[in-house]
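Undergrad: Have a look at this one before I ask anything.
The values are calculated or read from the model by the stated rules, or taken from the named source; none is laboratory data. Every value quoted in this text rests on a predicted model; they were computed, and no experiment measured them. For neighbour counting, all protein chains shown are included, and Cβ atoms are generated from backbone atoms with ideal geometry for every residue, glycine included. Accessible surface areas use protein heavy atoms only, side chains included; no ligands, DNA or RNA. Shrake-Rupley method; radii C 1.70, N 1.55, O 1.52, S 1.80 Å.
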Amino acid sequence: MLARTLLVFALAYMFICSFPSWAIELMSVPEEEIEEIEEVVELEEVDTNEGFWSANRPQVDRMINMYRAGPIRAKSVLFSIDHRTNQALIDSDANDYLGFDAGGLKIGLGLRYGVMDDLDVGFFRLNQTVEIFDTYEVDVRYRFLHQQEHMVDLAIRAGLSWFAQPDQDDEVGFFGQLLVDRLFADQLLLGAGLLFHSESTNDAKTTQDEAYSMAVQAMAEWRFLPNLSWSFELAAGIAGYSAKRPVFATSIKLLTHRHTFSLIFTNNQYLGADGVVSNSWRDLDDAVIGFQITREINF
């Protein structure tokens, strides 16, 4: 029994001593590969930013009505659905669903495509309510300054508004917009703009009024929780036709994976460039509510 045990240990010792060195090298992991694996792990740990516009958060083309200076992601499509009531919130109740079932509901359908990192194009359609035409808006937005290099994002946006009228000749107007914004502490986005439209509209304007309008804009959005933000906008006419009150809007926005939902309170039912630029006749007592839903698809 002892002889057999000694024989087994002797054979095992001879096998270990004769094990080829190339096999040992094959089984071992080079130090360079170990370092590369560690670097990948470190990058994955760093890329967990939950900030304002981090890669895992949805992007939008507008805060409420005002467009951002930064285009949407390249090779992505953004769908948007907007609703604004016509009846004032103060005159509404549960029987007419806070004004959504009171008639004159303004509905906006938007589609936007990111052509490249600094360029996108958009289409927006608004139905007629008290006016006699549907509005079709097409535009292009180009960002030529970046916050990382020039302290702010600066962009220009230009397009056409086509007013489709049944049994009458259609009308066309053009608009231009200068947009600037800056992100602070990866949570607070502040912006301003200058908007011009050659054929502004709203439900208080008449054919005797000046055709064009120009307005200055300001906006802020604060991401106070990873999936929740508050926005505020103001647009005030400075030239051409203007109604008596600047346009204001505020909203609470819920953000999920590639979706947003905003509940809006505003004194203006209009969403297109032609209606935002021309002020509003509504006071605070005449303010309405609405909502916006967006869906982003990446390719």
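Undergrad: Given the condition closer than 17 Å to Gly99 by Cβ, over 20 Å from the mean Cα position of the chain (by Cα) and without any contact (Cβ under 8 Å) to a residue 24 or more places away in the chain, answer yes or no: does some residue in region 268-281 qualify?
TA: No.
Undergrad: Let me ask something else. Consider region 223-244. How many of its residues are within 24 Å of His197 (Cβ to Cβ) and surrounded by fewer than 18 Cβ atoms within 10 Å (Cβ to Cβ)?
TA: Total satisfying the criteria: 6.
Undergrad: Shifting gears a bit: Between residues in region 165-191 that are over 15 Å from Pro71 (Cβ atoms) and outside any strand (DSSP E or B) and residues that are open to solvent by 90 Å² or more (accessible area, probe 1.4 Å) and among the aromatic types (Phe, Trp, Tyr), which pairs lie under 8 Å by C-beta distance while being six or more apart or on different chains?
TA: Asp170/Trp162; Gln187/Trp222
Undergrad: Still on this structure, I have one more. Before we move on, is Leu154 touching a residue at least 40 places away in the same chain (Cβ under 8 Å) and open to solvent by 40 Å² or more (accessible area, probe 1.4 Å)?
TA: When the stated conditions are applied, Leu154 does not pass them.
Undergrad: Follow-up. Residue under question is Thr129, and the condition is that it be among the hydroxyl-bearing types (Ser, Thr, Tyr), in a loop (DSSP other than H, G, I, E, B) and under 19 Å from Tyr270 (Cβ atoms); does it hold?
TA: When the stated conditions are applied, Thr129 passes them.
Undergrad: Scan Ile289, Ile264, Ile238, Ile293 and give me the residue that is under 14 Å from the mean Cα position of the chain (by Cα) and either part of a loop (DSSP other than H, G, I, E, B) or at pLDDT 95 or above (or both).
TA: Ile293
Undergrad: Being at pLDDT below 95 and aliphatic (A, V, I, L, M) is the filter; apply it to region 173-188 and report the residue that is surrounded by the most Cβ atoms within 10 Å (Cβ to Cβ).
TA: Leu183
Undergrad: Is one or more of the residues making up region 69-83 under 24 Å from Ser229 (Cβ atoms), open to solvent by 10 Å² or more (accessible area, probe 1.4 Å), β-branched (Val, Ile, Thr) and in contact with a Ser or Thr (Cβ under 9 Å, 6 or more places away or on another chain)?
TA: Yes; the residues of region 69-83 include at least one that is under 24 Å from Ser229 (Cβ atoms), open to solvent by 10 Å² or more (accessible area, probe 1.4 Å), β-branched (Val, Ile, Thr) and in contact with a Ser or Thr (Cβ under 9 Å, 6 or more places away or on another chain).
Undergrad: Take the conditions under 25 Å from Gly103 (Cβ atoms) and not aliphatic (A, V, I, L, M) and apply them to Ser262. Does it pass?
TA: Criteria met by Ser262.
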